[in-house]
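Just below is one structure, and these are the notes that go with it.
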Amino acid sequence: MSRTFDHLVAEAESVSVAGWDFSWLDGRATEERPSWGYQRSMGERLAVATAALDVQTGGGEVLAGVPKLPPLAVATESWPPNVAKATRLLHPLGVVVVADEDEPPLPFGDEAFDLVVSRHPVTVWWDEIARVLRPGGTYFSQQVGPASVFELVEFFLGPQPEEVRRARHPDDARRDAESAGLEVVDLRAESLRTEFHDIGAVVYFLRKVIWLVPGFTVAQYRDRLRELHDRIEAEGPFVARTTRFLVEARKPG
């Protein structure tokens with residue numbers, strides 16, 4: 001017997017959304033993964049680095065999952081619940097977690113790191129990345145691309161203007177990296193299938209990824225949530241397209 005709308009919503013509204021671990025969605029939502037395998041590739045680079053920085057680490061889950069860390073590893077995070085979670089997870093591994101407001105400047109000296117990584121940063125301060133990289137150093141990042149999961153966004157917010165749909169385009173990342181004096185050596189993008197199997201998965205996702213539907217609350221969108229619940233019950237999973245791109249840039253020298 002399928003669970004009721006009220007039960008699914010209440011359950012998803014009560015669970016913690018701290019950190020960047022989406023395991024609560026197991027069996028309730030699926031997302032194709034990019035072909036390049038970011039965590040594995042990041043781990044390969046960390047294994048040969050001497051000093052590395054993970055910007056906007058979230059709860060530290062991705063960094064904690066690599067097999068070998070460099071002698072010096074630092075992570076930054078701005079959201080207090082994530083700072084606490086990352087500290088608990090990463091400190092035993094020897095990683096220093098720095099609470100940072102995600103505004104320039106980064107709290108590090110010039111040329112402090114030979115590797116800077118970041119998975120799904122909300123913002124990228126390219127001039128700061130270039131400043132803290134040593135000559136010959138690398139920035140390696142997987143980022144959310146344009147119009148990602150916009151089928152879901154537009155279900156709640158209506159059609160979005162072209163400038164909003166195009167935001168976070170990989171071509172802009174190339175331009176901004178080069179403007180900061182970095183050389184882009186790899187830039188790849190993919191569109192990936194995402195499915196939401198129940199309305200609880202939608203509620204949890206929108207509570208966690210807060211920039212998709214700004215100010216999202218169940219109370220404000222209850223009617224639309226019920227409409228989407230009925231649609232999933234009648235037609236099956238709600239399908240959206242997630243966009244991701246990989247960028248690797250080096251500092252000359």
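The values are calculated or read from the model by the stated rules, or taken from the named source; none is laboratory data. This is a predicted model, so every value here is computed, not measured. All Cβ positions, glycine included, derive from the backbone under ideal geometry; neighbour counts span all protein chains shown.
Go through W79, W36 for me and flag whichever is aromatic (F, W, Y) and closer than 17 Å to Y139 by Cα.
Within the list W79, W36, the selection yields W36.
Given the conditions (1) within 23 Å of H229 (Cβ to Cβ); (2) of a type in the set (G, A, S); (3) free of Cβ contacts under 8 Å to residues at least 60 places away in the same chain, and given that G43 satisfies all but one, which numbered condition is not satisfied?
(1)
Among what's in segment 56-78 and is assigned to a loop (DSSP other than H, G, I, E, B) and among the hydroxyl-bearing types (S, T, Y), pick the residue that is surrounded by the fewest Cβ atoms within 10 Å (Cβ to Cβ). Please lay out each step first, then the result.
We begin by selecting, within segment 56-78, every residue assigned to a loop (DSSP other than H, G, I, E, B); these are 56-60, 65-71, 78.
With among the hydroxyl-bearing types (S, T, Y) added as a condition, the list becomes 57, 78.
Numbers: T57: 31, S78: 14.
Filtering segment 56-78 for residues that are assigned to a loop (DSSP other than H, G, I, E, B) and among the hydroxyl-bearing types (S, T, Y), the one surrounded by the fewest Cβ atoms within 10 Å (Cβ to Cβ) comes out as S78.
Any idea how many residues of segment 23-45 are closer than 22 Å to V247 by Cβ and not in a helix (DSSP H, G or I)?
Residues of segment 23-45 closer than 22 Å to V247 by Cβ: 31-45.
Subset that is not in a helix (DSSP H, G or I): 31-37.
Summing the residues that are closer than 22 Å to V247 by Cβ and not in a helix (DSSP H, G or I) in segment 23-45 gives 7.
Would you call V247 more than 17 Å from the chain's Cα centre (by Cα) and assigned to a strand (DSSP E or B)? Write out each step before concluding.
Values: more than 17 Å from the chain's Cα centre (by Cα): no; assigned to a strand (DSSP E or B): yes.
Criteria not met by V247.
Filter segment 81-97 down to the residues that are crowded, with 17+ Cβ neighbours inside 10 Å and outside any helix (DSSP H, G or I) and list them by number. Can you show your working first?
First, pick out the residues of segment 81-97 that are crowded, with 17+ Cβ neighbours inside 10 Å: 82-83, 85-87, 89-90, 95, 97.
Matches in segment 81-97: V95, V97.
Go over the candidates D186, D171 one by one and state the one that is surrounded by fewer than 16 Cβ atoms within 10 Å (Cβ to Cβ), without any contact (Cβ under 8 Å) to a residue 24 or more places away in the chain and not aromatic (F, W, Y). I'd like the intermediate steps shown before the answer.
Details: D186 fails: without any contact (Cβ under 8 Å) to a residue 24 or more places away in the chain.
Result of the check over D186, D171: D171.
Among the residues of segment 32-55, which ones are within 16 Å of the chain's Cα centre (by Cα), charged (D, E, K, R) and crowded, with 16+ Cβ neighbours inside 10 Å?
Passing the criteria: only D54.
Considering only segment 46-55, state which residues are touching a helix residue (DSSP H, G or I) at 6+ places or on another chain (Cβ under 9 Å) and assigned to a loop (DSSP other than H, G, I, E, B). Working first, answer last.
Step one: list which residues in segment 46-55 are touching a helix residue (DSSP H, G or I) at 6+ places or on another chain (Cβ under 9 Å), which gives 46, 52-55.
Correct list: V55 only.
Taking the residues in segment 117-154 that are aliphatic (A, V, I, L, M) and under 20 Å from G65 (Cβ atoms) as candidates, determine which candidate is surrounded by the most Cβ atoms within 10 Å (Cβ to Cβ).
Start the filter on segment 117-154 by keeping residues that are aliphatic (A, V, I, L, M), which leaves 117, 122, 124, 129-130, 132-133, 144, 147, 149, 152-153.
When the remaining residues are screened for being under 20 Å from G65 (Cβ atoms), the result is 117, 144.
Working: V117: 28, V144: 20.
Selected residue: V117.
Search segment 13-25 for residues that are in contact (Cβ under 8 Å) with a residue 12 or more places away in the chain and pair each with any residue that is among the acidic types (D, E) when their beta-carbon atoms are under 6 Å apart and the residues are at least 6 apart or on different chains.
W20/E61; D21/E61
Looking at (1) under 25 Å from F22 (Cβ atoms); (2) in contact with a Leu (Cβ under 8 Å, 6 or more places away or on another chain), which is the one condition that is false for W211?
Checking W211 against (1) under 25 Å from F22 (Cβ atoms); (2) in contact with a Leu (Cβ under 8 Å, 6 or more places away or on another chain), the one that fails is (2).
Of the residues that make up segment 4-19, is at least one at pLDDT below 95 and aromatic (F, W, Y)?
Within segment 4-19 (the criterion being at pLDDT below 95 and aromatic (F, W, Y)), the answer is no, since none of the residues qualifies.
Residues checked against (1) in contact with a Pro (Cβ under 9 Å, 6 or more places away or on another chain); (2) at positive phi; (3) among the aliphatic types (A, V, I, L, M):
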position: L46; (1), (2), (3): yes, no, yes
position: E61; (1), (2), (3): no, no, no
position: S78; (1), (2), (3): no, no, no
position: V96; (1), (2), (3): no, no, yes
position: L115; (1), (2), (3): yes, no, yes
